[in-house]
Amino acid sequence: MPQMTGAQLIVQMLERQGVKTIAGIPGGAILPLYDALSQSESIHHVLTRHEQGA
């Protein structure tokens with residue numbers, strides 16, 4: 001059985017909840033989540049310039 005990371009689990013749960021768009025700034029500790037998001041075909045990421053815009 002293949003292993004699943006915590007980030008992959010989060011993305012899977014977001015997909016199951018019907019989340020279509022996520023806004024944020026990649027970097028630091030959140031990078032594993034962005035790696036998992038890059039594999040999602042149903043969630044679109046919106047890059048913001050500042051965290052207050054997210």
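The values are calculated or read from the model by the stated rules, or taken from the named source; none is laboratory data. Computed from a predicted structure; not experimentally measured. Using ideal geometry, Cβ is built from the backbone for each residue, glycine included, and neighbour counts are taken over all protein chains shown.
The selection criterion, being of a type outside the set (Lys, Arg), modelled with pLDDT of 95 or more, surrounded by 10 or more Cβ atoms within 10 Å (Cβ to Cβ) and on the phi < 0 side of the Ramachandran plot, does not hold for Ala23. Tell me, please, whether a residue that is out of contact with any helix residue (DSSP H, G or I) (no Cβ under 6 Å at 6 or more places or on another chain), of a type in the set (S, T, N, Q), free of Cβ contacts under 8 Å to residues at least 60 places away in the same chain and not in a loop (DSSP other than H, G, I, E, B) can be found in segment 31-38. The answer is no; no qualifying residue exists.
Hey, any hits in segment 16-23 for a residue that's in a helix (DSSP H, G or I) and out of contact with any Asp or Glu (no Cβ under 8 Å at 6 or more places or on another chain)?
yes
Annotation: Glu41 fulfils all but one of (1) charged (D, E, K, R); (2) loosely packed, with under 10 Cβ neighbours inside 10 Å; (3) touching a residue at least 12 places away in the same chain (Cβ under 8 Å); the unmet one is (3).
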